[in-house]
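Asks: This is the structure, below, for whatever I ask next.
The values are calculated or read from the model by the stated rules, or taken from the named source; none is laboratory data. Everything numeric here is computed off the predicted structure, so don't read it as measured data. Counting neighbours? That spans all protein chains shown, and the Cβs are built from the backbone with ideal geometry, glycine included. Side chains included, ligands, DNA and RNA excluded: accessible areas come from the protein's heavy atoms. Shrake-Rupley method; radii C 1.70, N 1.55, O 1.52, S 1.80 Å.
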Amino acid sequence: MAFAGLARAEDVLAKAKAKGELTVGTELQFAPFDFVEDGKQAGMNKEIFAEIGKELGVKVTFLDLPWPSVLPGLEAGKFDMVAGPATITKARMERYRFSSPIANATVAILKKKGDTSITKPEDIAGKKVGSAKATAQLAQLQDFAKTLNPPPSAIQEYVDFSQSYADLGAGRIVAVANSLPNIAYLAKTKPDVFEVVQPPFGKPVYFGFIGTKAEDSKSLMDAVDAIIIKMKHDGRLAALQKKWFGTEMETPDQVTEASF
């Protein structure tokens, strides 16, 4: 099926520069990348795109949508690219173009602080766990569940991760599967409520921003790649990783083949 973006004749980057504005789709329920704090957008994405906007000479405007609506919105041409970020998978690479990765996205388990029944990922066997709908993290949890005997008693799918964390805190589920940076950030900010189960159980994957493969998006994605790679080499990205994750992360300049 052809992207709606293929029908757009005007180069996306040229259009953004002429308008003075780059429009980016995201979901503000994905800390530490995108979230709301004191009624305002906060997170690593905002700071990375501030650098991107500065280098491109444009204002960056974020549109907040439920995650299941974000990628269809990109295909429909409702915004120029997606902040997300999203895990770089084989299926997504066939459909979208990813930016240079900005963080490690390996999936791990978050549990309630002091829950001694879960000391390793395999301990979710027979228990009720959760993750967010339409995410690669959910897909990896479902694959991991098939290796357990017994499998989890239920895998609850949530509209966003914030809801899954609320249910975990309330004891309605015993664990949430999400990418390590996200749950490490949450455990860091709420150390009396949550903790991370080590080691991560997922395959090594990375987070990247998303654009279409349409020819009119190529110059924009090329420019974004160049800026992110420049940020890796001059230390700006490492500084943001340390600020938001508590540690720096090695990422390749490009992912040419996803692990799953």
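Asks: Within the range 196-218, is even one residue loosely packed, with under 15 Cβ neighbours inside 10 Å and in a helix (DSSP H, G or I)?
Replies: So far as the range 196-218 goes, yes, one or more of its residues are loosely packed, with under 15 Cβ neighbours inside 10 Å and in a helix (DSSP H, G or I).
Asks: Further question on the same structure: Considering only residues that are in contact with a helix residue (DSSP H, G or I) (Cβ under 7 Å, 6 or more places away or on another chain) and closer than 18 Å to residue 137 by Cβ, look in the range 44-83 and name the one that is surrounded by the most Cβ atoms within 10 Å (Cβ to Cβ).
Replies: Among them, the one singled out is 83.
Asks: OK, next. Go through the range 219-260 residue by residue and tally those that are part of a helix (DSSP H, G or I) and open to solvent by 50 Å² or more (accessible area, probe 1.4 Å).
Replies: The number of residues fulfilling the criteria is 9.
Asks: Residues being of a type in the set (S, T, N, Q), more than 17 Å from residue 168 (Cα to Cα) and open to solvent by 10 Å² or more (accessible area, probe 1.4 Å): count how many of those fall in the range 95-126.
Replies: Looking only at that region, the number is 2.
Asks: Look through the range 171-191, keep the residues that are over 15 Å from residue 105 (Cβ atoms), assigned to a helix (DSSP H, G or I) and of a type outside the set (A, V, I, L, M, F, W, C), and return whichever of them is least open to solvent (accessible area, probe 1.4 Å).
Replies: 189
Asks: Would you please list the contacts, defined by Cβ atoms under 6 Å and residues six or more apart or on different chains, that run from a residue in the range 225-246 that is at pLDDT 95 or above to a residue that is of a type in the set (D, E, K, R) and part of a helix (DSSP H, G or I)?
Replies: Pairs found: 227/55; 240/47.
Asks: If a residue has to be within 15 Å of the chain's Cα centre (by Cα) and touching a residue at least 60 places away in the same chain (Cβ under 8 Å) to count, how many in the range 67-96 make the cut?
Replies: Residues meeting the conditions: 15.
Asks: For the range 76-111, how many residues meet the condition of being over 16 Å from residue 26 (Cβ atoms), small (Gly, Ala, Ser) and assigned to a strand (DSSP E or B)?
Replies: 1
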